[in-house]
Amino acid sequence: MTSHADDHIICIIGAGYVGLVTAAGLAEAGREVRVVEVDAHRRAAVVAGISPIFEPGLDELLGAVVASGRLRAVETMKEGAAGAGIVIVAVGTPPTHDGEADLSQVRHAVDQALAEVAPGAIIAIKSTVPPGTTRALARDSRRNDVTFVMFPEFLREGSALEDLRHPSRVVVGGEDIAAVQRVAALMGGSGTTRLLCDSVSAELVKYGSNAFLATKISFINEMAQLCELTGADIEKVADGMGLDPRIGRSFLSAGLGWGGSCFPKDVRALETSAGYHGQSFWLLKAAIEVNSQQRRRFTAKLVQGLGGSLEGRRVAILGLAFKPFTDDMRQAPAAEVIRQLEDFGAEIIATDPAAIHVARPLLPRTTLVADPYEAVTGADAVGLVTEWPEYRELDWGRALGLMKGRLVVDGRNCLDGEAIAGHGGVYVSMGRRPRGPGSALPLAVGEAGSGAVRPVPLG
Ligand code: UDX
Ligand code: UDX
């Protein structure tokens, strides 16, 4: 254990999406950063200045800061924490089977750090943890010369560097204001909004932010359902609602709902944590239910559009990652939808610009191809799941020419329905009227297998 803690030296535990982006950003800002990563492959990649994760701009930045010597990936906490003033914990908090956040990685990382950090150092929790965790870690710590703060992250995958360089806010919570201020100084510039508070409030700022955004999406998806029942257009409705600055248009995009490494686990963890405190968080229960319905509604549009059965049908799926500009398949809607379609007897050919290598072990029954035109060849229907620009710019005349059927179901309302209809296709989306020849589909589509729907032959 070295003698004193220097805030110029930052140790980050975990080179995942959050840890690695934070590390590269702090090194870019001039700090000396050590990343402690247990996974040998990830560590070796970082040592070589190569990003082990798909994140726009991270490869270039990592190459530069590793070459400059300001960022080093190390195996042991001894190397990582030596002389560090601030140790940032960014290890996983995956959900347990009952939805609670599994804190074992956080506790293990904290124990290791406590054995090595210098007196006066701060342990800053960046992993998303339930309310009261930071305080409990401080209480259980056998070192009273080390302080704990909660330092939540708000990075979005696919734009993480942008979010890090221009944070909408920096939030740090703790019971020691000097420590809180030292950590708050790490991020942002003079114009950055900083919220300094107690650790429990900071923990709930994080959960509340993710849960509110997820609820906002589930709300617009329920509105989309009503638009189908009334003949309205959800995009117009969202535009109109979003013009109110109290509402805002962002996170009002209807579609297949939310997935990814954060929203699903954080919404469940918050709902579960509230339960432990004797509260039924009804809004979150509803947001979760609506979100899973969205996958079934999408599947129902394909089943119904192909005459009520998928037996022997070939369906092409465009997009696998949970959102564009990432290769992350954690809680990706595509995996759920593909499994549902395969269970209905369909043969699935799927494509994605970045996530095929991640998807392969998850989807053993699915044919995965890199070229979207190859994917749609001979397909009875196409389902769009991830709104990559590549699919927005597809030549639909060519695609429809290669398809066997005419049905295109857009789960992200991002395709040009007019163009598809213009090429003889039938364009079905979420919360809007179908378009194209013979698209006399009923306005509302019932749950797959509900029997309430009337098959319309399109194939
Ligand atoms: C993590 C948390 O999961 C999330 O709750 C929080 O909001 C942000 O940080 P993410 O970066 O996506 O999210 O996690 P993940 O991609 O799983 O990366 C965690 C990394 O920590 C992995 O590379 C893992 O190998 C590493 N790790 C885990 C360690 O180096 N040491 C450990 O003891 C445990
Ligand atoms: C999210 C939070 O935005 C970020 O602040 C936090 O740090 C981590 O979790 P991320 O998981 O990368 O980031 O994805 P985000 O861009 O928030 O999208 C989450 C999910 O919601 C995706 O599946 C996306 O497709 C979906 N979504 C988003 C919608 O369905 N509609 C929208 O309007 C916006």
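Before moving on, here are some points about what is shown:
- Those helices (runs of 4 or more DSSP H) lying entirely in the stretch 39-119 with at least 3 residues farther than 29 Å from residue 134 by Cβ: 40-47, 58-67
- When the residues of the stretch 238-292 are filtered to those that are in a loop (DSSP other than H, G, I, E, B) and charged (D, E, K, R), the one that is least open to solvent (accessible area, probe 1.4 Å) is 244.
- Cβ separations smaller than 8 Å between residues 6+ apart or across chains give the following pairs from the stretch 32-51 residues that are of a type in the set (Ser, Thr, Tyr) to residues that are open to solvent by 60 Å² or more (accessible area, probe 1.4 Å) and more than 10 Å from ligand 1 (Cβ to nearest atom): 51/59.
- Matching residues in the stretch 131-156 - criterion: being part of a loop (DSSP other than H, G, I, E, B) and either away from ligand 2 (no atom under 16 Å from the Cβ) or surrounded by fewer than 20 Cβ atoms within 10 Å (Cβ to Cβ) (or both): 131, 132, 141, 142, 143, 144, 145, 146, 154, 156
- For the stretch 1-58, a residue qualifies if it is among the hydrophobic types (A, V, I, L, M, F, W, C), modelled with pLDDT under 95 and over 25 Å from the mean Cα position of the chain (by Cα), and the qualifying residues are 1, 5.
- When 90, 113, 121 are checked against the criterion of being aliphatic (A, V, I, L, M), touching a residue at least 60 places away in the same chain (Cβ under 8 Å), open to solvent by 10 Å² or more (accessible area, probe 1.4 Å) and touching a Gly at 6+ places or on another chain (Cβ under 9 Å), a single residue qualifies: 90.
- Here the stretch 196-229 is the region considered, the condition is being open to solvent by 20 Å² or more (accessible area, probe 1.4 Å) and among the charged types (D, E, K, R), and the residue that is farthest from ligand 2 (Cβ to nearest atom) is 198.
- Each residue in the stretch 424-449 was checked for being on the phi > 0 side of the Ramachandran plot and modelled with pLDDT of 95 or more, and 2 of them qualify.
- When residue 68 is tested against (1) buried (at least 18 other Cβ atoms within 10 Å of the Cβ); (2) away from ligand 1 (no atom under 16 Å from the Cβ); (3) farther than 15 Å from residue 113 by Cβ, just one condition goes unmet, and that condition is (1).
The values are calculated or read from the model by the stated rules, or taken from the named source; none is laboratory data. Here the structure is a predicted model, which is why all the values come from computation and not from measurement. Cβ coordinates were reconstructed from backbone atoms using ideal geometry, including for glycine residues, and neighbour counts include every protein chain displayed. All accessible areas refer to the heavy atoms of the entire protein, side chains included, with ligands and DNA or RNA removed. Shrake-Rupley method; radii C 1.70, N 1.55, O 1.52, S 1.80 Å.
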